[in-house]
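For reference, the structure is listed below as structure tokens.
We did not get these values from a lab; they are worked out from the coordinates using the rules stated. All figures in this text were calculated on a predicted structure; none of them were measured in a lab. Positions of Cβ are generated from backbone atoms using ideal geometry, with glycine treated the same way; all protein chains shown enter the neighbour counts.
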Amino acid sequence: MNTNINVKQAERRAFSLRYKDGLLELNLGAFFALLALVDTFEAGGFSRLQSYLPAVIVFAGGLIAYYLMKPKVVDSRLGMIKISPRSNAPQRWLLILAIALQLVTLAIFIMASSGSLAGALQNAPSWIVDAFFGIAIFSFFALWGYYVGAPRFYLYGLLLGAAKPIELVFWPDAQASFPGPTLLAGLVMVLVGGWVFARFLRAYPIVSGEVANG
Amino acid sequence: MDNIDSNDQHPLAGIDRVIHAPARLMVMTYLYVVDKADYVSLTHLTGLTWGNLSTHVGKLEEAGYVKIEKKFVGKKPHSLLMLTKQGRAAFKAYKQNLSSVLNQLPD
């Protein structure tokens with residue numbers, strides 16, 4: 001019997017229950033892996049839009065599939081928890097911070113591409129944007145992993161955040177963006193997500209009868 | 001013989017014994033941090049068996065600290081547990097009472 005009465009730890013434990021299934025990283029991993037292949041698809045003759053389509057379809061389809069199968073596959077094993085808005089506040093701020101960081105990065109990238117940046121910023125090497133983006137990605141996943149008590153999110157943040165800088169250092173002359181590091185990060189997420197899901201199915205059998213019905 | 005003044009009683013003497021049992025304290029703690037939870041998730045979080053959990057939830061409900069919301073998910077009945085306002089206030093008071101006593105103890 002767990003005798004922990006630390007409220008903060010209880011909160012984290014309740015949050016971590018929602019991430020026991022590994023399905024989120026299966027979806028995100030496939031999304032990032034396909035996103036890494038956008039330039040490769042484009043080099044193969046597809047339009048920019050067509051190249052993004054597989055990633056968008058997998059992401060949207062994965063989310064829809066998750067919400068459709070959640071009651072039968074997840075809730076029937078883990079039960080249901082509704083987190084209060086008060087407790088959810090740190091995750092909401094994290095999401096706002098992540099969106100703000102991405103928008104700032106995107107704005108810098110667009111301005112740099114269009115030559116609108118003044119002075120030193122315009123002359124700054126492009127790796128600065130990639131480094132900033134990498135730090136933002138890592139921070140997002142690290143904070144997320146911290147708040148929900150899922151240490152494997154640190155690994156995702158590290159792999160995804162370091163992908164672009166690694167690509168620039170080891171493959172600086174690649175004509176199209178070399179998908180290797182980001183593709184690897186996505187595939188690792190898919191593999192880990194798959195392993196977490198398999199472990200979840202074994203550790204949490206479907207609960208039926210009076211326990212499930214309360 | 002001197003009568004014991006009620007002011008001489010230890011602060012923990014008046015502690016809420018409904019909450020003070022370890023199993024009920026765990027249930028109250030988890031319900032304090034989430035809005036609602038069902039029996040299945042509480043058995044996973046607390047490690048209590050279904051029977052044990054059901055007994056303790058019954059006592060908390062009797063004390064007016066926990067409310068059970070029954071609804072249907074599909075065709076199956078489903079119960080969600082949550083703290084009442086009284087339960088939330090009682091838990092806060094319990095937490096403060098215990099902290100104020102334990103924090104004064106030397107290391």
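Report the FRET efficiency, 1/(1 + (r/R0)^6), for A:THR40 and B:ARG88, where r is their Cβ-Cβ distance and R0 is 56 Å, rounded to 0.05.
E between A:THR40 and B:ARG88, to the nearest 0.05, is 0.55.
Before anything else, pin down the relative contact order of chain B: Cα pairs under 8 Å, at least 6 apart, normalised by residue count, whole percent.
29
Give me, ordered by chain and number, the residues 5 or more places off B:VAL66 or on other chains with an amide H under 5 Å from its own placed amide H.
Correct list: B:GLU61, B:THR84.
Over what distance in Å are the Cα centres of the range B:27-49 and the range B:93-107 separated?
Going from one Cα centre to the other spans 24 Å.
Given R₀ = 22 Å, what would the calculated FRET efficiency be for A:LYS8 paired with B:HIS20, taking r from the Cβ atoms and rounding to 0.05?
The value I calculate is 0.60.
Using the number of other C-beta atoms within 10 angstrom as an exposure proxy, rank A:ILE166, B:ILE19, A:ILE57 with the fewest first.
Ordered from fewest to most neighbouring Cβ atoms within 10 Å, A:ILE166, B:ILE19, A:ILE57 come out as A:ILE57, A:ILE166, B:ILE19.
Sorting check: for A:128-139, A:38-49, which peptide has the highest mean count of neighbouring beta carbons within 10 Å, and how do the rest follow?
So the order, starting with the most tightly packed, is A:128-139, A:38-49.
Could you tell me the extents of chain B's C-alpha atoms along the three principal axes, largest first, rounded to whole Å?
Here the Cα extents, ordered largest to smallest, are 67, 31, 24 Å.
To the nearest 10 degrees, how steeply does helix B:50-62 sit against the main Cα axis of chain B, on a 0 to 90 scale?
On a 0 to 90 degree scale, this one is about 60.
Could you work out, residue by residue across A:12-25, how many beta carbons of other chains sit within 10 Å of that residue's beta carbon, and then give the average as an integer?
Other-chain Cβ atoms within 10 Å of each residue's Cβ, averaged: 2.
For peptide B:53-60, how many partner chain Cβ atoms fall within 10 Å of a residue's Cβ, on average?
1
Among the DSSP beta bridges whose two residues both lie in chain B, what percent are antiparallel, rounded to the nearest 5?
Of those bridges, close to 100 percent are antiparallel.
Along the range A:10-25, what does the Karplus equation 6.51 cos²θ - 1.76 cosθ + 1.60 (θ = phi - 60°) give for ³J(HN,Hα), rounded to whole Hz, x for Gly and Pro?
Those phi angles translate into 5, 4, 5, 5, 5, 4, 5, 4, 6, 10, 6, 7, x, 6, 4, 6 Hz.
Got a sec to turn the phi values of the range B:67-75 into Karplus ³J(HN,Hα) couplings, 6.51 cos²θ - 1.76 cosθ + 1.60 with θ = phi - 60°, whole Hz, x for Gly and Pro?
10, 10, 9, 9, 8, 10, 10, x, 9
Please sort A:71-81, A:189-199 by packing, taking for each peptide the average over its residues of neighbouring beta carbons within 10 angstrom, highest first.
Most protected by this proxy first, the peptides run A:71-81, A:189-199.
Using Cα atoms only, what is the angle between the long axis of helix B:85-102 and the major principal axis of chain B, expressed in degrees (0 to 90) to the nearest 10?
40
Which loop-located trypsin sites (Lys or Arg not before Pro) does the range B:31-107 contain, where loop means any DSSP state but H, G, I, E or B and the Cβ has at most 16 other Cβ atoms within 10 Å?
In loop regions of the range B:31-107 (DSSP not H, G, I, E or B), the sparsely surrounded trypsin sites (Lys or Arg not before Pro) are B:LYS75.
Average partner chain C-beta neighbours within 10 Å, per residue of B:22-35?
Partner-chain Cβ atoms within 10 Å, mean over residues of B:22-35: 5.
Take the cross-link list A:LYS164/B:LYS36; A:LYS72/B:LYS92; A:LYS82/B:LYS59; A:LYS20/B:LYS92; A:LYS8/B:LYS67; B:LYS36/B:LYS75 and give me the ones stretching past 32 Å between alpha-carbons.
A:LYS164/B:LYS36; A:LYS72/B:LYS92
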